[in-house]
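Okay, structure first, notes after.
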Ligand SMILES: [Zn+2]
């Protein structure tokens, strides 16, 4: 089974050290992209007359690295600008941006995650055990209104836009959806786990229902727990609501997918209420 990344016009197929860019219609090879160990982004053989395709590819590679770059944010705009102009000045600017993002991701953040895990006494092989990638905190947030507990909630700007589009569309079909929890910081996730530890729950049990700090999709600002406004939120019977039925049919049209279906390979409990926006990427399994 080969996992490919797919944008509106392109397919990115993994190479040993990067991604091959293909035309989605006829699968012809357009070029390649790579971010190497020094966080330098290089590209090759892409048709120079296809700047939009290059941008699409850059955003996808950025997102694949869990950088979640919003094309409309200042960072996204510089990325786009630098990427589209082939001169060496821009190339350096682009590499500076990549270096900045990747360093803050690899260094400072990973250190904070490790320190938090030690404090909570989490297993050192957590990432391998649960097969979960580390998730960076969103670089930018925008408000999506209050949740069912009247707490203000936030998502990454592009995910917030997609959530608004999706919930409006559901509303037009007569289906109500309310946020329960969207963006969570590393510290907030740590406090959720800490509370369960204090209640005397076993650490393995806790980790089946709460991701370890640093590994929650909620850090990205792209995940949202959804409630139908009936009954208790975050219960398995959410799958019997009209909201769940609507999401199952339409969420992908808005870029949202359910992260933890029944019997998922991570060994995380079934969470029918937890949906995540994956910017401009649809994972396709083409076997
Ligand atoms: Zn969730």
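The values are calculated or read from the model by the stated rules, or taken from the named source; none is laboratory data. Here the structure is a predicted model, which means the values were calculated and not measured. Note: ideal-geometry Cβ built from the backbone for every residue, glycine included; neighbour counts use all protein chains shown.
A few points about this structure:
- You will find that of 162, 127, 172, the residue that is over 24 Å from residue 265 (Cα atoms) and modelled with pLDDT under 95 is 162 and no other.
- Picking from residues in the range 224-237 that are free of Cβ contacts under 8 Å to residues at least 60 places away in the same chain and part of a strand (DSSP E or B), the one that is farthest from the ligand (Cβ to nearest atom) is 226.
- Within the range 242-262, being within 16 Å of the ligand (Cβ to nearest atom) and over 21 Å from residue 160 (Cα atoms) holds for 261, 262.
- Screening 200, 214 for residues that are away from the ligand (no atom under 14 Å from the Cβ), under 20 Å from the mean Cα position of the chain (by Cα) and not in a helix (DSSP H, G or I) leaves exactly one candidate, 214.
- Failed condition for residue 221, given (1) surrounded by fewer than 22 Cβ atoms within 10 Å (Cβ to Cβ); (2) away from the ligand (no atom under 11 Å from the Cβ): (1)
- Flag for residue 149 being over 24 Å from residue 135 (Cα atoms) and at pLDDT below 95: yes
Listed here are the residues, each with its yes/no results for (1) assigned to a strand (DSSP E or B); (2) within 16 Å of the ligand (Cβ to nearest atom); (3) assigned by TED's automatic domain parsing to the domain that holds residue 193; (4) under 18 Å from the mean Cα position of the chain (by Cα).
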site: 115; (1), (2), (3), (4): no, no, no, no
site: 129; (1), (2), (3), (4): no, no, yes, no
site: 132; (1), (2), (3), (4): no, yes, yes, yes
site: 143; (1), (2), (3), (4): yes, no, yes, yes
site: 154; (1), (2), (3), (4): yes, yes, yes, yes
site: 161; (1), (2), (3), (4): no, no, yes, yes
site: 169; (1), (2), (3), (4): no, no, yes, no
site: 176; (1), (2), (3), (4): no, no, yes, no
site: 179; (1), (2), (3), (4): yes, yes, yes, yes
